[in-house]
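Data block below; observations after.
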Amino acid sequence: MIALTVLGVAVGTLLLIFAFIGILYSVRGTPIKRVRAIGDIAGPPAVSDPLFCRSVELFTGAIVRTGHHIEVLANGEEMFPKLWDDLRNATHSITLQMYYCNPGVMANMLRSVLAERAQAGVRILFLHDAFGSSGLTHEYLQSLRDVGVQIAVFRPVHWYSLHKAQSRSHIRVVVVDGRIGYTGGFGLDDKWFGDGRHAHQWRDTNVRFIGPSVLALQATFAAGWVEATGTLITGDEFFPLQDDHLSGTQHAGLLHAAPTVGSTSAARFLALSIAGARTTLHITNSYFVPDHAFRTMLIAAARRGVDVRVLTAGRHTDVRTTRWAGRASYGELLRGGVRIFEYEPTMMHAKTFVVDGCWSTVGTMNFDNRSMVFNDESNLVALDAEVGASLETLFRADLACSREITLAEWEHRPWHERLLERGASVVGRLL
């Protein structure tokens with residue numbers, strides 16, 4: 001009897017320990033607290049310093065090279081006519097990886113285009129996240145399979161894979177013939193149609209590009225595909241030698257951020273970019289929930305004279321808890337000199353920033369712990385004044401449709417808002 005009691009206590013203790021370890025793992029954050037150039041009185045390299053891009057390559061794996069042609073595409077009205085056209089002109093292969101998918105007009109348009117190309121002999125692979133794309137029906141997916149589209153699901157949720165359930169593929173990939181790439185905040189849902197200025201038409205920013213980073217985006221897709229299917233794709237059909245006549249002149253690289261236990265490439269990329277700002281740091285991000293360390297970095301940038309502005313979602317957000325958690329940090333940031341704006345017409349879903357007018361990114365990464373620690377993300381990064389100017393133009397246009405939050409207004413907000421912020425901030429690392 002005593003032996004059974006001791007055994008029961010031991011088993012119970014082990015279960016509690018494993019449960020505690022699981023909770024700690026599920027709420028982990030990034031260990032990065034600051035960026036220092038030890039022994040260098042000039043501090044961390046500015047984004048215009050050649051050492052900056054080298055640091056980004058070493059710390060994140062995003063290789064910034066010339067040879068790109070990049071188009072910044074605002075909203076569905078700029079994005080989808082080009083995407084449909086590129087897909088219709090595919091001759092060898094199409095790979096798609098999507099996080100968020102729902103049935104509707106857009107999904108039907110995609111099915112029509114893919115069916116026609118598949119019947120023409122184009123090899124098509126479609127990878128969708130099990131959680132974000134749960135709205136897709138069996139009938140829809142089967143209709144794609146029936147015409148020859150190969151479909152795989154990223155990390156289905158089972159009892160035996162619950163340890164991976166929190167880590168999602170938030171990536172967006174479209175690669176046509178291994179030569180044209182798309183990434184950004186877009187999804188497969190009718191709310192991504194339109195101009196981003198009206199209700200139910202989400203405001204988003206995406207990017208179409210040719211050049212060396214297309215194959216890096218294809219490799220990002222291949223990493224997800226092999227996890228879902230066990231097959232690592234390679235060969236000329238998906239990774240063709242690039243023609244010199246297609247090469248552009250813009251410098252860019254592909255950041256594929258993936259979760260890990262320690263500091264992540266996403267967090268290192270963001271920290272280096274903030275530390276590299278000298279004049280301007282303009283952030284547009286739908287889910288803005290910076291932790292204490294990143295708030296400190298943003299404030300430090302503002303105090304050294306950088307014009308730091310953050311544009312984020314307003315009352316039309318699709319995840320209210322995330323908005324309240326983010327608003328909990330407004331006071332600290334405003335007092336530190338950071339300017340904050342909330343987008344008013346509709347949901348702001350873009351994930352971009354531009355630093356000093358020349359270093360910028362467009363992609364899937366949010367400014368929150370989930371994107372920096374738990375999710376796979378895809379971002380095109382560019383060291384190019386033309387791309388920077390395009391994003392600055394979008395930023396100014398969006399500010400005209402936004403409301404600036406002032407410190408005086410913030411300090412007189414209602415008590416119930418303070419309560420919601422405090423409650424949401426408790427689970428901020430999970431959002």
### Query
Identify, please: which residue in segment 352-403 is modelled with pLDDT of 95 or more, touching a helix residue (DSSP H, G or I) at 6+ places or on another chain (Cβ under 6 Å) and polar (S, T, N, Q) and is, among those, farthest from residue 171 (Cα to Cα)?
360
### Query
Looking at segment 372-431, which of its residues are part of a helix (DSSP H, G or I), without any contact (Cβ under 8 Å) to a residue 60 or more places away in the chain and of a type in the set (A, V, I, L, M, F, W, C)?
385, 389, 397, 408, 415, 419, 426
### Message
Given the criteria open to solvent by 40 Å² or more (accessible area, probe 1.4 Å), more than 21 Å from residue 268 (Cα to Cα) and modelled with pLDDT of 95 or more, does residue 346 qualify?
### Response
no
### Residue count for segment 44-90, restricted to those that are open to solvent by less than 70 Å² (accessible area, probe 1.4 Å) and acidic (Asp, Glu)
4
#### Entry: So residue 166, is it at pLDDT below 95 and under 30 Å from residue 142 (Cβ atoms)
yes
### Task
Filter segment 408-431 down to residues that are surrounded by 15 or more Cβ atoms within 10 Å (Cβ to Cβ) and more than 19 Å from the chain's Cα centre (by Cα) and give me whichever is modelled with the highest pLDDT.
410
### Summary
Given the conditions (1) farther than 17 Å from residue 420 by Cβ; (2) open to solvent by 10 Å² or more (accessible area, probe 1.4 Å); (3) out of contact with any strand residue (DSSP E or B) (no Cβ under 6 Å at 6 or more places or on another chain), every one holds for residue 339 apart from (3)
### Message
When the residues of segment 111-162 are narrowed to those that are basic (Lys, Arg) and in contact with a Lys or Arg (Cβ under 8 Å, 6 or more places away or on another chain), which ends up surrounded by the fewest Cβ atoms within 10 Å (Cβ to Cβ)?
### Response
155
### Query
Could you say whether any residue in segment 161-181 is of a type in the set (Lys, Arg), in contact with a Ser or Thr (Cβ under 8 Å, 6 or more places away or on another chain) and not in a strand (DSSP E or B)?
yes
### Subset of segment 195-211 [at positive phi and open to solvent by 40 Å² or more (accessible area, probe 1.4 Å)]
200
### Message
What's the total number of residues in segment 241-264 that are at pLDDT below 95 and either open to solvent by less than 30 Å² (accessible area, probe 1.4 Å) or within 23 Å of residue 170 (Cβ to Cβ) (or both)?
### Response
9
### Query
Any residue in segment 322-330 that is surrounded by 24 or more Cβ atoms within 10 Å (Cβ to Cβ), without any contact (Cβ under 8 Å) to a residue 60 or more places away in the chain and in contact with a helix residue (DSSP H, G or I) (Cβ under 6 Å, 6 or more places away or on another chain)?
no
### Task
For segment 212-240, enumerate the residues that are surrounded by fewer than 21 Cβ atoms within 10 Å (Cβ to Cβ) and either of a type in the set (Asp, Glu) or part of a loop (DSSP other than H, G, I, E, B) (or both).
212, 227, 230, 231, 232, 233, 234, 235, 236, 237, 239, 240
### Message
Give all pairs with beta carbons closer than 7 Å in which a residue from segment 291-302 that is more than 16 Å from residue 43 (Cα to Cα) meets a residue that is of a type in the set (A, V, I, L, M, F, W, C) and open to solvent by 20 Å² or more (accessible area, probe 1.4 Å); count only pairs at least 6 apart in sequence or on separate chains.
### Response
293/32
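The values are calculated or read from the model by the stated rules, or taken from the named source; none is laboratory data. Note that the structure is predicted; figures quoted are calculated from it, not measured. Ideal geometry is used to build each Cβ from the backbone, glycine not excepted, and the neighbour counts take in all protein chains shown. With ligands, DNA and RNA removed, areas are computed over all heavy atoms of the protein, side chains included. Shrake-Rupley method; radii C 1.70, N 1.55, O 1.52, S 1.80 Å.
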